[in-house]
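*Asks:* Pasting in a structure now, in structure tokens, and then I'll have a few things to ask.
The values are calculated or read from the model by the stated rules, or taken from the named source; none is laboratory data. Keep in mind that this is a model prediction, so the values were computed, not measured. Positions of Cβ are backbone-derived with ideal geometry, glycine not excepted, and every protein chain shown enters the neighbour counts.
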């Protein structure tokens, strides 16, 4: 278990990384070279994991997401992503993590 000071330090590093990554992506979009970036399904899964982590943490702390509504809201989230972008988040996660396991020789 991490103490509060360690968690604060980890958070600050993550926040700084998010700032840098988003800045580069905004620049790529604004300058028109983002089209030359070829993101993989693994990249997409990582981006969704980051988004889910940040937005869920904030939604829980703001009282919007809780034990009573989380399942229904996550089903709606999955359907909205699929309808908007053609991506089934559950199937994507299965694909990415099964691909990672193919070369794995140990136990989880």
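*Asks:* Out of 81, 87, which single residue is modelled with pLDDT of 95 or more, on the phi < 0 side of the Ramachandran plot and outside any helix (DSSP H, G or I)? Step through it out loud before you land on a result.
*Replies:* On the way: 81 fails: outside any helix (DSSP H, G or I).
Result of the check over 81, 87: 87.
*Asks:* Read through the list (1) outside the structural domain of residue 11 (by TED's automatic domain parsing); (2) modelled with pLDDT of 95 or more; (3) outside any loop (DSSP other than H, G, I, E, B), then give the number of the only condition that residue 66 fails.
*Replies:* (3)
*Asks:* Would you call residue 94 assigned to a helix (DSSP H, G or I) and either modelled with pLDDT of 95 or more or touching a helix residue (DSSP H, G or I) at 6+ places or on another chain (Cβ under 6 Å) (or both)?
*Replies:* Spelling it out, it is not the case that residue 94 is assigned to a helix (DSSP H, G or I) and either modelled with pLDDT of 95 or more or touching a helix residue (DSSP H, G or I) at 6+ places or on another chain (Cβ under 6 Å) (or both).
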